[in-house]
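Down below is the structure, laid out as structure tokens.
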Amino acid sequence: MEFDSIVTNGIIVTASDVLPLGIEIGITDGKISCLGTSLPRDESTKIIDAKGAYITPGGVDSHVHFAQDNSPTGDNFVTGSRSAIAGGNTTVLAFASQLKTATSVLPTVEDYHTRAKDQSYCDYGFHLILTNPTPEIMSKELPILMSQGITSVKLYMTYEPLKLGDAAILDVLMSARSLGFTTMVHAENSDIISLITSRLEAAGHSEPYFHAISRPQIAENEATYRIISLAELTDTPILIVHMSSEVAMKHVRKAQTRMLPIHAETCPQYLFLLSERLKGNEQDPFEGAKCVCSPPLRHDPKDLDAMWQGIANGTFTTFSSDHAPSTYDHSGGKKLGLKDGIMTYKSIPNGVPGVETRLPLLFSHAGQEKTSRLSLQRFVQLTSSDPAKLYGLEGVKGNIAPGCDADLVIWYPENEIEGGVVIEQKMLHHGVDYTPYEGMTVRNWPRYTILRGKIVWDRDGGGVVGGVKDGQFLVRGKGKIVVGKMGQEATGMLSGERDYWR
Ligand code: URP
Ligand code: ZN
Ligand code: ZN
């Protein structure tokens, strides 16, 4: 067997195993064709030496916002995907967002294709944000989109221009059940947030810190319980995105122990950052705007610990960045919330950047030491293999196995990067002008990112060495249920009761 390239001298980590040093990866036509020892080679075979370091699957960041109209100053596909590969990602799933007034989503998706085509350093796909799920869209257009590889939607329970009420959510879940698309949900109680927001406003509390006060954990807890109930009623798998609250997470955990197909995601900001970051400082009282995201950063280190528990114990299926980029020092970015010296948190675009730092931040805590927060295998599950399964990319992405795309991250040998890497805005590749992780030290960083057999990131040999046309649109299949199963009665229902109304 002839290989185009062989990756040698590394420790391969998959979702199930840490293989012994020395297993080689043979790559042919951009795919992994073989794992073995002493693979045959000749002078034309390209040898990539991992120097004894860990090799993990290319990261699958299943929640990024690139080139969206609601964050016009942030990243487009060129800058966002450039940042993605520099942080070890080979796949991103971004969003095509329906306007509430749009009665067809096919032009929306076409538009987002134009924003991404030939402008991505890594492979990409789209989730559809549904803000107006008309019967026509659900019955005629969703099947078309699914045949084109767009097999997931995101729904919002909050944000005025995006949110759906329970009746509309139930309709979408019923369609998801019959068509088989994956449903992601942003779960926060909109009315709780509106009430507190108007009362804060009346009391003159409008600085960025009050963003956290306006969206208490109970808003997330209630909406999480509600969406789990709607999913249980309709027997539909869901994924609750960007979770930040322990009580909400426990609702998920409880549902999972009942074998309900309830998946959950958390993000770096909910493992590493607290609401104190929303307070400004003397030089810049508005600085906290950089960390305005929803759900908001929580108040107590115990909140971070709770999320770490969900990372370790399997409650979370995916660990995504929710890269939601808005330039800080820009009148159309975070500074939309600062007019004539008056700070108005509710006008600050939500979200933090993080596609490039996601993997190094989590990898820092993955290992076999007593102090490790998660195993290396769990790191792979959360960051690549489970998002690939959940979003219809199993067998293609997220694994180091014959037949899969040769998407790999080669880290530094641990003894070569002593002291770690200090995260600084100036070393990052996104289009945003800050990182919320400035000054934090991570243990390691991707030395190489390999996309379908091609080195696209070579940290010591030119940095970004891939091109904007390297990334391909991924025609995804139907997602797989990773947790629980379908086909159970909802609590208190008789066997077959749903058949009367399905
Ligand atoms: O604050 C966040 N997460 N903004 C991005 C939009 C979203 O809700 O995912
Ligand atoms: Zn969201
Ligand atoms: Zn998001």
| Qualifying positions in the stretch 235-276 - over 20 Å from the mean Cα position of the chain (by Cα) and crowded, with 21+ Cβ neighbours inside 10 Å | Thr236, His251, Ala255, Leu260
| said: For the list (1) open to solvent by less than 20 Å² (accessible area, probe 1.4 Å); (2) within 16 Å of ligand 1 (Cβ to nearest atom); (3) free of Cβ contacts under 8 Å to residues at least 60 places away in the same chain, I need the number of the one condition that Glu24 fails. | reply: (2)
| request: Return only the number of the condition from (1) assigned to a helix (DSSP H, G or I); (2) open to solvent by less than 10 Å² (accessible area, probe 1.4 Å) that Ser178 does not satisfy. | output: (2)
| message | Give all pairs with beta carbons closer than 6 Å in which a residue from the stretch 279-292 that is in contact (Cβ under 8 Å) with a residue 24 or more places away in the chain and on the phi > 0 side of the Ramachandran plot meets a residue that is among the hydroxyl-bearing types (Ser, Thr, Tyr) and surrounded by 14 or more Cβ atoms within 10 Å (Cβ to Cβ); count only pairs at least 6 apart in sequence or on separate chains. | response | none
| remark: Expected single match for buried (at least 19 other Cβ atoms within 10 Å of the Cβ) and over 24 Å from Val18 (Cα atoms) among Arg447, Arg476, Arg443, Arg498 is Arg476
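Tell me which residues, restricted to the stretch 330-345, are farther than 24 Å from Ala67 by Cβ and surrounded by fewer than 23 Cβ atoms within 10 Å (Cβ to Cβ).
At the first step, the residues of the stretch 330-345 found to be farther than 24 Å from Ala67 by Cβ are 338-345.
The answer is Leu338, Lys339, Asp340, Gly341, Ile342, Met343, Thr344.
Only one of these is part of a loop (DSSP other than H, G, I, E, B) and within 23 Å of Thr327 (Cβ to Cβ): Leu260, Leu297. Name it.
On the way: Leu260 fails: within 23 Å of Thr327 (Cβ to Cβ).
Matching residue, one of Leu260, Leu297: Leu297.
Which residues, counting only those in the stretch 277-294, are among the polar types (S, T, N, Q) and either outside any loop (DSSP other than H, G, I, E, B) or more than 19 Å from the chain's Cα centre (by Cα) (or both)?
To start, the set of residues in the stretch 277-294 that are among the polar types (S, T, N, Q) comprises 281, 283, 294.
Within the stretch 277-294, Asn281, Gln283 meet the criteria.
For the stretch 441-499, give me the residue count where each residue is of a type in the set (Val, Ile, Thr) and in a loop (DSSP other than H, G, I, E, B).
7
Only residues that are part of a loop (DSSP other than H, G, I, E, B), of a type outside the set (Gly, Ala, Ser) and over 28 Å from Phe473 (Cβ atoms): list them for the stretch 389-433, please. So that I can check it myself, show each step before the final result.
Of the stretch 389-433, the ones part of a loop (DSSP other than H, G, I, E, B) are 391-404, 406-407, 412-413, 417-420, 423-424, 428-433.
From the residues that got through so far, the ones that are of a type outside the set (Gly, Ala, Ser) too are 391, 393-394, 396-397, 399-400, 402, 404, 407, 412-413, 417-418, 423-424, 428-430, 432-433.
Answer for the stretch 389-433, where residues must be part of a loop (DSSP other than H, G, I, E, B), of a type outside the set (Gly, Ala, Ser) and over 28 Å from Phe473 (Cβ atoms): Tyr412, Pro413, Ile417, Glu418, Ile423, Glu424, Asp433.
The values are calculated or read from the model by the stated rules, or taken from the named source; none is laboratory data. Keep in mind that this is a model prediction, so the values were computed, not measured. For neighbour counting, all protein chains shown are included, and Cβ atoms are generated from backbone atoms with ideal geometry for every residue, glycine included. Accessible surface areas use protein heavy atoms only, side chains included; no ligands, DNA or RNA. Shrake-Rupley method; radii C 1.70, N 1.55, O 1.52, S 1.80 Å.
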